[in-house]
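The block underneath contains the structure these notes are about, expressed in structure tokens.
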Amino acid sequence: MTRTVLPFILANKPERVEPGFEHLRSDSAKRAARFWIGKEATPLRKAECIERLNRAWRDPKRVAEVVAALRPEERAVLAVVRRFGGSISGGILRRELVARGIVKDLKREDLGSYHREADPVHDLCERLLLIGGYRDSSSYGYSRGTPSVTLPAQVAAVVEPASSLVWKASAPLEKAPESTRSRALAQMMVDLEQTTRALQAQGGWKVNQGGVLPAAGRNRLGKLLPPQASDPFEPPDRVAFDYSLLCALGVVEFDGVEGWLEPERAERLFHRPHELQASEWIRAWMALRIWQDGIGGVPDRDNRETSTRIDPSAMHKARELLVWALTRIAHSRNDWIDLETFLLDLFAVIGEHGLSLYWHRYTWQPRFATAAGKDKLPGGFERSRAYWMDDGGIWAANALLSTFVHLGVVERGHSGGARSERWSFRLTDVGKAVFGAPEVQIEKTVGSEKCLTIQPSHEILLYLDAADGGAVMMLGRIASRESTTGIVQSFTLTRGSVYGALEGGLTPAEIESFLTARSRTGLPANVAHSLAEWSRKRDALVVRGGVAVGANLPDEQDALRGRAVGTRFVVASARVASKGGKDLGIALESDTPVRNWSVDEHGAVSPGEPMSVIGRARLRRFASLSGGSWRITSESVRAARELGIPGDQVLAWLSAYLSHEVPSVLAIAIKNWGGAHGKAFLGNVVLLQVSEPKAFDALQRSDRLRPFLMGTLAPGCFIVAADMRDQVRKLLGELGFALDPPCKLESGTPSATPTGPTPKPKASLRRKKTARSRFAVIDEEDEQER
């Protein structure tokens, strides 16, 4: 058994912040200096105060002394911020402090009055122990707020994180619900893997603002994915949900015009432990912009007349507050909690303005008793609560009983009939570990479990309760999915699916080894025979010449009268492709690459515009896009090698589009990253240099010196064994040599620019300039060469 320690689900990445002493006003600098230095700072000027503050700030011992001298409630505030990774939003911080009794919550009747309340966050910000904006605590009404703050690294180093909170508000159900519904984590992994596989088959796709899939792209992806069984609690627009999750997880990237898949990131994601994947799903869910709970896929823009989505900032705040409540539930007893009771308690804790979304078109519209007749209630707390239950409460219900159940971290319960139905929920074991981390952990079995049953009919049954990410990923590569629901899902091993796996880099031995190792009943003899036969037939390739390949064609593919290859490609003769392209109004790309790219020694690639289809596809194979710039790195070349693209092929593709030669250093690096493993020595040696040729020749033939030498480096230079340095020094002294002259080496920089014709590049760096574009003619000679 082993335990996986998960990070706190609401922990933010630590930020390195500086107090910005130079921007302080004179009075603020004076107050901060008196706190950090003492009364002796009173007569100092602003510049002197800032200089002394900087000195104290850089002294770890002084920082520890300052933190130790704080009041208990102030140290408690720092501990809360430390628990959240050193950075926390104002909304969560306020509720954490209220729940811990550090500050008092504002009552409704106090919101309309002016008064200054004791606020340790304000004092810590003034003293520069916390960095962040601040709203005056004497402000009016709802403008009183706690700022989002960051804990400087110097202070965080001497502060221990606060302990977890327990949810004490909602009482558990007296008896278990009549029916329950949960979903295995592996089922979500299968869904994401199938979506990843479908996206990979598309190569690249057009995107709208914010990376949103256009309607045509969603429809195409929906056809490639198996349909889901009808379920009123199924998250709306599953295609958009899976796609947006993959975007937030970094598996899908886009540049504002086109999107693509990062296969190596998907590989790393699916091979992580179950609970770690679930934790990353929840963190990604909190950041989603193009999919919203109970609504579905939304555009990354608003309509002035008719709203098309909930404001993303309000949605992020609501998700953060709901997860915060679930982290407290995870540290309580894992009992069934009535949904409506929980929402009422949540409203009491966060208030009507903590989770306010103003949306009324949710897929699931539960009828809460406390929301009935809200228009007839008198103004006050009950009326505000009733309206909230019909707004923010409905969103929270959709997130809990639909999204979180789908992700496998919440179990849904139901009791009663149509008129008296009650909904309830509780965290699954993985959900409790995800929301209760790092204190709450679960045990799991180490090793590969038997999760498959292979039938002689080539059907493979996947048992989701025993499957892991590696099994799901491998099975998705070698078999096609048939069923989409239930704890046992079926896949079929076909010749086409095995061909696809072999083309993707798998070997027949790897496929057979996986099926044998993970099968509960072994590998049937006829299935093993089919695998061997399909592998042999796959090696019998047919080389065709004078053909064109059409990619990303519209639905009117019949105009080409070609043969469909996969889901996005059509193979036709060059003449038919030329005529069909004109009929479809598609500009034909030249079969000769345009040499308008450039690359430097650091691997930064500047492709010319517009990029060809094949050029962009090739570039994605061996380079990565970051911040709008393409770069060839060791990771990107190794990822290409994993796909069967060696370093020489990368250089050939790159050279075909460059307007200049590949820099020599980069060419060597690409070969090394691609598996050439160039070798070089970098270490300490003892050098003996003798400038006079006759003296060097005499010493080289000397029997007295030979035992101390390891060899010659260059004319006039010996390499001496390191442990023989003193003996050589003594011998040279006996022979009358002076050891004072400095070492004289020639510079590695060329003294003059060479003249004459430019030497031709080596054959290994050259390749015949052929490229397949949207319509690319492939001649027989080139195809046989490949």
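The values are calculated or read from the model by the stated rules, or taken from the named source; none is laboratory data. In this text the structure is predicted, and so the values were computed from the model without any measurement. A quick note on method: Cβ atoms are made from the backbone with ideal geometry, for glycine too, and the neighbour counts reach across all protein chains shown. Side chains included, ligands, DNA and RNA excluded: accessible areas come from the protein's heavy atoms. Shrake-Rupley method; radii C 1.70, N 1.55, O 1.52, S 1.80 Å.
Things to note:
- With all protein chains modelled, accessible area of Y463 [1.4 Å, Å²]: 50 Å²
- Candidate aspartates and glutamates - alpha carbon under 17 Å from K537, same-chain residues fewer than 8 apart omitted: E503, E512
- Theoretical FRET efficiency, 1/(1+(r/R0)^6), r = Cβ-Cβ of R333 and E449, R0 25 Å, to 0.05: 0.25
- In the stretch 688-748, the trypsin sites (Lys or Arg not before Pro) that fall in loop regions by DSSP, at most 13 other Cβ within 10 Å: R704, K744
- Integer Hz, Karplus 6.51/-1.76/1.60 couplings in order for the stretch 183-196, x for Gly and Pro: 9, 5, 4, 4, 5, 5, 5, 4, 4, 5, 5, 5, 5, 4
- Couplings 3J(HN,Hα) for the stretch 288-298, derived from phi with the Karplus relation 6.51 cos²θ - 1.76 cosθ + 1.60 (θ = phi - 60°), are 5, 10, 9, 8, 10, 4, x, 10, x, x, 10 Hz, where x marks Gly and Pro.
- Pairs from the table (K168/K376; K168/K374; K13/K317) lying more than 22 angstrom apart at Cα are K168/K376; K168/K374.
- For T633, the residues 5 or more places off, or on other chains, whose built amide H falls under 5 Å of its own are S624.
- For the stretch 314-434, a simple Cβ point-charge model (Lys and Arg +1, Asp and Glu -1, everything else neutral) yields a dipole of about 100 debye relative to the Cα centre.
- Simple label model, 7 Å out from Cα along Cβ direction - V665 to R218, nm: 4.9 nm
- Ranking of E160, E503 by solvent-accessible surface, largest first: E160, E503 (1.4 Å probe, protein heavy atoms only, all chains present).
- In terms of the mean number of neighbouring beta-carbon atoms within 10 Å, the peptides 349-356, 36-43, 48-55, 622-629 order highest first as 349-356, 48-55, 622-629, 36-43.
- Built amide H within the under 5 Å cut-off of W205, gap 5+: G259
- Computed accessible area, W205, all protein chains, 1.4 angstrom probe, square angstrom: 10 Å²
- Signed unit charges on C-beta, dipole axis of the stretch 179-436, positive-most listed residue G392, V252, S313: G392
- Using the Cβ-Cβ distance between N684 and T516 with R0 set to 41 Å, the FRET efficiency from 1/(1 + (r/R0)^6) comes to roughly 0.20.
- In order along the stretch 711-728, the phi-based Karplus estimate (6.51 cos²θ - 1.76 cosθ + 1.60, θ = phi - 60°) of 3J(HN,Hα) comes to x, 10, 8, 6, x, x, 10, 9, 9, 9, 4, 4, 7, 10, 4, 5, 5, 5 Hz; Gly and Pro are listed as x.
- Label point distance in nm, E65-S307, each placed 7 Å from Cα along Cα→Cβ: 5.5 nm
- Distant-in-sequence amide H partners of A548 (H built 1.01 Å from N, under 5 Å): A572, S573, A574
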